[in-house]
Structure formats: C-alpha cells, structure tokens
Amino acid sequence: MQIIQTTSLEKVLPKYSFTGKNIDKLTVLKGEKASYQIAFKAERRTTVKIATNSSIKKNIKLYSVGCVPVNLPTYPDAIDDENYITVEPTIMPDILYPIQNNEILAEGWFQSLWVSVDENAPVGTHQIEIELMGNTEKGSITLYYEVLPIELPKQEVIFTEWFHCDCIASYYKVDMMSKEHWALIEKFIKMASENGVNMILTPIFTPPLDTIVGGERPTMQLVKIKKSVKEYTFDFSDLIRWIDMCKKYNIKYFEMAHLFTQWGAEFTPKIMADVGGEEKRIFGWDIKSDSEEYKEFLSHFLPALISCLENAGVSKNTYFHISDEPSAEQLESYKRAKEVVLPYLKGFKIMDAMSSYELYENGIIEHPVVAVDHIEKFCANNVPDLFGYYCCIQTVGVSNRFIAMPSRRNRAIAYPIFKYGLSGFLHWGYNFYYSQLSKYEINPFEETSAGGAFPSGDSFSVYPGEDGPIASLRLLIFNEALQDIGVMKVLSDKIGKQRVIEIIEKYGKVEFSYTPTSDEILYNIRRDIIDCLKQSYMLE
C-alpha cells in the first residue's frame, strides 16, 4: 500500500499517481486547529481498517475525502488563469465524510484520509500514528504535532457566510420553522461557528437575495406580523429564539435581512402577515420601495425591531442592509430607499456589498463590503471598517475558493486581509441549494454550480448530509486562513506589523490580486512566521 503524508493544501485527485509534498511535522499555537492528509493507494479495491495511535487521540477526527462533479470549473474569461487545477469539467475532491467504524473503502487509485486535530490539544509535541490495513497489505505513517505555549487570540475578523434557512427546509423536505427545521438549522449554525463564522444573516423576513424578478423564495420569516385596518403588531418570539441559539454557538454579530430588493432597492421584499386571520403577502415585487404603504410599515416595524434587539442585548453588534450589490447606475433608487430607513437606524451600521468607489466617495454607503477585484482603491484610500467579499465573478487573478482552484488560493486570502486590516469578510453561499435566481432546487452532491450558473463550489461550502451538514475541505481551509490572521497578529504584537508584512513579502508582494503559484510559498511563509514566533518567545 502506498502512503504519503501531506498538507491540507493538497487536493488528492483520483489518479494512479501522486506527487504531493510529504510532511512529518505540524506546528500550531495553543487553541489553533489544524488538518493534514494521508494520501493512499491500495493495489485493488478493498476495505481498509484504520487505527489511530496517539496520546491526543480524543482530539483527532478522521474524514474520507469524497469527490464531486465539477461541471463548471470557472467562466470562459478565466481559462487562461494558470492558477487553477483544471478549467475543464471533471470530478474533484471536496466533501469530508466522517469516517464510520474506523474503515474506508479503497478504490485502487489515490484518495485521501483527512486528519483534523481540534483546538484542545495540549501544549507539547505529540506523535500521531495512523495505520491502514487492507486484506493483504498495510502501512503506517507518523506525524509530530507540536503545540506551542502561545495562545491563538480570539478571532477579530468578522466573517459571515450567508445562511439560507429556506434551502435547508427545501432539501430535507421539512416544514418551515417546524421542530425538525429548527433542529437542522442549529446543526448548520454549529458547523458554521466551528469554522470561523461569527456573524449570521438573520431572516427577520425572507431575504430578498438571488430571486428572479416577480418570483418568490419559500417564506422564511422570523417575525410574525398582524395587520389590521389601524395598526401593525409584531411577535418577535422566533427572532429571540434565533438570537439565543446563535449566542449558544458564539455567534456575536447579526446582520438583518436586506430591507429592499437586490440590485438597486427598487422594490420591497416579500413580507407575510396575518390579515383578518389569513396569511397574506403584504409586500413584494409589486410594490415600489418608496411607496407610502411601505414607509408606513417601516415606521412601525423598525422601532419595534430595534427595541427587541436592544432587549436581547445584541443591538450594538447588529448590522443592517439596504440592497445587495447596487451599481453606480442604481444610485438614485438606492439613495431613496436608504433615506426611507435612515431616521430609524441612527447609531446602527448599514453595510452592503458593492464595487463602486463613487458610491462610497459620495457618502451613499458608509460601510462598504467590496469585491476583492475592486477593493484596492478602497485600501489605498484607507477606508475605515472595510469588509471584503468574493463571489462567482472573482475568477481571474484573485483569491477565491472554487472547487477547481488549488487550496492555496483559498488560504492566501489571509495575507491581504491582515496587511490592509480588513474588519470583516463576506461570502454569499454557505448553503445555497437552489439554482441561480432560486428557480428550482438542486442536489449539491450532483450539481455544484447552481444549475450551471456559478463556478462549482461558489454557492455552498457545506453539503446537506443525512441528518445535518457535512463540511467541505474548502470550509476548513478558509478557517485555517482566519487562524493564520490570528497567528500573524500575535507576531505583530511582538515585532510590529510592518516586520510581519516584510516576512510575508519575501515571497511576493501581497495585494488582493496576490495568488501564490505554489504551495511551497505558503509553507515557507508559515515556517518563517513560526520560527520568528519561537525566537520572540524564546522557545528555542
């Protein structure tokens, strides 16, 4: 049996040969999680038994890396970008299936056993021996896992991956906000939190995102509304339940669903209410955003919502949205919509994803969330409290985490976030299991591109397992990037931020357009930072 111990950055393709880097040691800070892989190939198809021998066995979880179809690796404009594993349709490793009964099915070509060590491993150097035993062949390999007596700081970067509750209900065929739905939502929130998500999109009403004009997504509305001739009344009990559940998993920040439709804020979001004992849609695509009836509704709703958030103790960590991704051409409609709500949202941060510096320069958006291929102008002008984001469009020459990209391109986002001191980062697709514009449901195990619309992997980073989410390796790699930022912060507190940047930039100037061309570059940066930390703390 062929066995090679390699880093989490490798994507072990289902081939008969593997040339990845062999490693025998990992070094982490106290409180830092880490993963590595064991690439193996049996001579024939067989069941392989796995034995783990280590003093930190209780801190170790094993996963089998499964492959998925990559039917749209990227868009045609990116086929000349050499920093993809492939730009042709194929199958690639992405799903992390938890190992059951300490065994894995070997197919006869190279595949990967993913080894994760949690944040509770004690200080010291520990041996981790993994033994693989087939019917007629076996092998073992050992890794030295060093935990330094230097604490990884609490994550400062705000990270949100938009959470789609309706997709959970649709995929699992459960009633919206039923007991079964809430249980699944909690599992998905738990996995998000365990991988660096500390801000959550909160569906006070059905988020007006990726919805065809005139169409609807399934109703997911935490606030119950009653409308009579004279007044609106609101029941926030489900919102309080949501907040309490999120707090349980250390979600600190809450972003309210957008108050107007996507791409310009021209219309009102879908809002349901009890009208005379019948559930009716009272707002949607048929009502303009600056209509008198919506203004009247918001004059009652927003003060009541703010009071609820204050009583729940989260108002200081709550962000609001107007409309997602407005363009410069939609300036007037966005501005009108914002003026409707601004009197009620004094003291709150209003942030939106956008790419036009003019919208910021004109004071239309005070807290921009900027695409990484447009963000450098914002960085050059030292825009405060800046967030970055990427989605399907960021395909050429920038970091992203499509399945067809090497994992280094995912993890490398840590360096510009650290260098430019971004406050936060957003990705729109934690668990979007619909086609583009939410026209129909998809099975993400079979369709990874939202119906051929987005590069494979863009619309989700977890898969819907039998009774809860299954992580992708891309989810864990991005969390490693968030931890890298914390490690660099520890070192910068010792030697200064500029010196840390100099260590990183020995291997190339760091901008948001920085995409390292080899895994070796990331190995070297990590090694140099760890070595410098050891020297600074006199650990050698």
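Quick look at the numbers
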| quantity | calculated |
| --- | --- |
| Tabulated pairs, the range 359-376, first in contact (Cβ under 8 Å) with a residue 40 or more places away in the chain, second surrounded by fewer than 20 Cβ atoms within 10 Å (Cβ to Cβ), C-beta under 6 angstrom, 6+ apart or interchain | 367/349; 367/385 |
| Tally of residues being surrounded by 15 or more Cβ atoms within 10 Å (Cβ to Cβ), part of a loop (DSSP other than H, G, I, E, B) and charged (D, E, K, R) across the range 1-30 | 2 |
| Any chance residue 327 is surrounded by fewer than 16 Cβ atoms within 10 Å (Cβ to Cβ), closer than 30 Å to residue 372 by Cα and not hydrophobic (A, V, I, L, M, F, W, C) | yes |
| Enumerated strands (runs of 3 or more DSSP E) restricted to the range 94-177, each holding at least 3 residues that are under 21 Å from the mean Cα position of the chain (by Cα) and modelled with pLDDT of 95 or more | 111-117, 158-161 |
| Any chance residue 334 is surrounded by 17 or more Cβ atoms within 10 Å (Cβ to Cβ), part of a strand (DSSP E or B) and in contact (Cβ under 8 Å) with a residue 60 or more places away in the chain | no |
| Output for the range 76-93, where each listed residue is within 21 Å of the chain's Cα centre (by Cα) and hydroxyl-bearing (Ser, Thr, Tyr) | 84 |
| Unique residue being among the aromatic types (Phe, Trp, Tyr) and in a strand (DSSP E or B) when the list is 254, 260, 301 | 254 |
| Complete set of residues in the range 500-530 that are part of a loop (DSSP other than H, G, I, E, B), surrounded by 15 or more Cβ atoms within 10 Å (Cβ to Cβ) and charged (D, E, K, R) | 511 |
| Conditions (1) surrounded by fewer than 22 Cβ atoms within 10 Å (Cβ to Cβ); (2) closer than 20 Å to residue 75 by Cα; (3) assigned by TED's automatic domain parsing to the domain that holds residue 179; number of the one not met by residue 443 | (2) |
| When residues of the range 339-382 are limited to those that are among the acidic types (Asp, Glu) and assigned to a loop (DSSP other than H, G, I, E, B), the one farthest from residue 161 (Cα to Cα) | 366 |
| Residue pairs meeting the criteria (Cβ under 7 Å; at least 6 apart or on separate chains; first without any contact (Cβ under 8 Å) to a residue 40 or more places away in the chain, in the range 188-213; second assigned to a loop (DSSP other than H, G, I, E, B)) | none |
| Tabulated pairs, the range 401-429, first more than 22 Å from residue 198 (Cβ to Cβ), second among the hydroxyl-bearing types (Ser, Thr, Tyr) and at pLDDT below 95, C-beta under 7 angstrom, 6+ apart or interchain | 409/515 |
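The values are calculated or read from the model by the stated rules, or taken from the named source; none is laboratory data. All figures in this text were calculated on a predicted structure; none of them were measured in a lab. Cβ coordinates were reconstructed from backbone atoms using ideal geometry, including for glycine residues, and neighbour counts include every protein chain displayed.
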